[in-house]
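The values are calculated or read from the model by the stated rules, or taken from the named source; none is laboratory data. This structure is a prediction, so every number in the text was calculated from the model and none was measured. Note: ideal-geometry Cβ built from the backbone for every residue, glycine included; neighbour counts use all protein chains shown. Keep in mind that these areas ignore ligands, DNA and RNA; they rest on the heavy atoms of the full protein, side chains included. Shrake-Rupley method; radii C 1.70, N 1.55, O 1.52, S 1.80 Å.
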Amino acid sequence: MSTGNYNTNQTRSFTHLDFKERQLIEKWLNEDVNKAEIGRRLGRNRSTIHREINRGKVEQIKQINGYNKKVTVYYSDSGQSVYEKRRSKSVRKKIVSFSSAFFSELEDAFTKGLFKGKQRLYNIKTFIALYRKKHPVENIPTFKTVYSYIRQGLLSIKPHDLPVMYRLKPRKNQHSNPKGKNKRILGTSITNRPEDVLSRETFGHWEADLVKGKKTKNEPAIITLVERKTRYAITKKISDYKSQTVKNAFEEILADNPNLFASITFDNGSEFALMSELNTDVYFCHAYASWERGSNENFNKLLREFIPKGKSIHLFSEMDIDQAAQAINRRIREVIGLRSSEEYFQQCSI
C-alpha cells in the first residue's frame, strides 16, 4: 500500500485511529518497524500504537523450525472490528440509570449548605467518593458526570453554587524543574531536605508563608503554616512583615507547640531572612518555584475566600482568622483518605 500522499506532519486535534491508519500499522509491523517509529510516522503517541496493537492482535499457530508455536499477530481488520464493537456500546448513560438514592442525598446535602459558602464541608468529588465508600453496590456517577448534569440543569444545584467547579483544571503530571536562581542564600536549600519529608510519610514537617493585605508600611500580615502529611493549617496575625517581627512570631509558635515542628520550609522572601536562627530544621525553596510549597499555596488560596486580596488585614481580628483556618481544616479532603485535616492531624499528633 502506497504511503506517499499520507500527510502525518499536520497539526491535529485528537481523533480516533481510522482503518487506513490501522492498515499502515499492520504493514509497518510486518516490516519490523518499532512502535515509537510508527507513532512518529502517524503523528500519534507511542502508547496509542501500543494499545491499538493489543486491541487487534490475534493468536495463531505457526510452524517455526519444524515445531508448531503460538504467536500473536496484529491485523488491522481485527483492530477495526474490536473498535467498532466497543464504540457501539459507548453510549452516555442517562441520569435514571444511576442510583436515585444517591441523587436524593446529594440534593439534601446541597440544601443543608454542605457544598456552598465559606463553611462548606465537601466538594462534589469528595461527596461522591464518600458515598461510594458507604454504598459500594450502588451505581454511582463520576464527579464529571454530575458536573455535566448540573450544567444541563438536571439538578437543583447550579454551577455558581460550586466554587471548585469553576476552578477545576487538569492536574500536571509533574512539576517543571526550578528555573530561577536565588539572589540571596538565606539558609539550607530544599534540595538538601530528607527524602521522607518529600514523600510526606513523616509527621511534623511544615510549609510556611505570609498572607498580606495591602502592601503598605506597617500593614499587618498573617503567618500560615501547613503540615505536609495532614494538610492541617495554623495561622497567626502579626503587626507587620519585617524579618524581626516574623522571627519573633515563629519563636512564639514553636514555644507554644513543643515537639510539633521537625522542619519548616520557606520561600526566599526577605521577610524570612532570620528563619535559620529558629530552633528547628529550616529549608528554603528555589526562586520562582512556589509549587515546592504546594500545600501551603493551596491553603493560602482557600484563605483568600475569607480574606480577599487588597483588603487590609487591619479589618480582620485574630478570631476571624482562626475561624477561617478552622473552617478549612474541617473540610473533607480526598488526598488524605476522605477525612478532614483536623481529624487526621489529631490522629497523627497523639
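For segment 336-342, putting each phi into the Karplus relation 6.51 cos²θ - 1.76 cosθ + 1.60 with θ = phi - 60° gives couplings of 10, x, 6, 9, 8, 4, 4 Hz, in residue order, rounded to whole numbers and with x for Gly and Pro.
To the nearest ten degrees, helix 19-30 and the longest principal axis of the Cα atoms of the chain are 80 degrees apart. Positive contributions from Lys and Arg (+1) and negative ones from Asp and Glu (-1), summed over other residues with Cβ under 9 Å from the Cβ of Glu52, come out at +3. Straight-distance candidates among the aspartates and glutamates for linking to Lys214, with alpha-carbon spacing under 15 Å and chain neighbours fewer than 8 residues away dropped: Asp240.
Sequence-ordered 3J(HN,Hα) estimates for segment 221-228 from the Karplus curve with 6.51, -1.76 and 1.60 and θ = phi - 60° stand at 9, 10, 7, 10, 10, 10, 6, 5 Hz, glycine and proline given as x.
Taking amide H as placed 1.01 Å from N in the peptide plane, the amide H of Leu338 sits under 5 Å from that of Arg333, each at least 5 places away or on another chain. In the chain, taking the dipole from charged Cβ atoms about the Cα centre, the farthest positive-side position among Gln152, Leu130, Trp291 is held by Gln152. Of the beta bridges in segment 216-350, as assigned by DSSP with both residues counted there, near 65 percent are antiparallel. Remark on Asp209: its backbone amide H falls under 5 Å from those of Thr224, a criterion applied only to residues 5 or more positions apart or on other chains, H modelled at 1.01 Å from N.
Just add up the charged neighbours of Glu297: K/R +1, D/E -1, any other residue whose Cβ is under 10 Å from the Cβ of Glu297.
Residues near Glu297 contribute -2 overall.
Classify segment 262-350 as rounded, prolate or oblate, taking a ≥ b ≥ c as the square roots of the eigenvalues of its Cα gyration tensor: rounded when a/c is under 1.5, otherwise prolate if a/b is larger than b/c and oblate if not. Oblate shape, in that a/c is at least 1.5 and b/c is the bigger or equal ratio. Working note: Karplus 6.51/-1.76/1.60 with θ = phi - 60° gives segment 266-282 the couplings 10, 8, 9, x, 4, 5, 9, 4, 9, 5, 5, 7, 5, 8, 7, 6, 10 Hz, where Gly and Pro are set to x.
The helix-based estimate of mean residue ellipticity at 222 nm for the chain, built from -39,500 (n - 2.57) per DSSP H run of four or more residues and divided by its residue count, is -11000 deg cm²/dmol to the nearest 500.
Close amide H partners of Val282, meaning residues 5 or more places away or on another chain with modelled amide H under 5 Å apart, are Ile264. Taking all protein chains as they are arranged and a probe of 1.4 Å, the heavy atoms of Thr72 leave approximately 90 Å² accessible to solvent. Values (i) 26.8; (ii) 18.1; (iii) 20.4 are given for comparison; mean projected area of the Cα convex hull in nm², derived from the coordinates here, is the one labelled (i).
Within the assembled protein chains, the solvent-accessible surface assigned to Ser290 is about 60 Å², based on a 1.4 Å probe.
Computed with a 1.4 Å probe on the full set of protein chains, the accessible area for Arg41 sits at about 80 Å².
Considering only beta bridges that DSSP places wholly inside the chain, some 75 percent are antiparallel. Across the chain, the mean sequence separation of Cα contacts (distance under 8 Å, 6 or more residues apart), normalised by length, yields a relative contact order of 14 percent. Decide, for segment 209-309, between rounded, prolate and oblate: order the square roots of the alpha carbon gyration tensor eigenvalues as a ≥ b ≥ c, take rounded if a/c falls under 1.5, and otherwise choose prolate if a/b is larger than b/c, else oblate. Note, shape of segment 209-309 comes out rounded.
Using a cut-off of 14 Å between beta-carbons, work out the net charge of the residues near Glu342 (Lys and Arg +1, Asp and Glu -1, Glu342 not included). Charge balance in the 14 Å sphere: +3. Label-to-label distance, Ser156 versus Glu138, with points set 7 angstrom from Cα along the beta-carbon direction: 1.7 nm.
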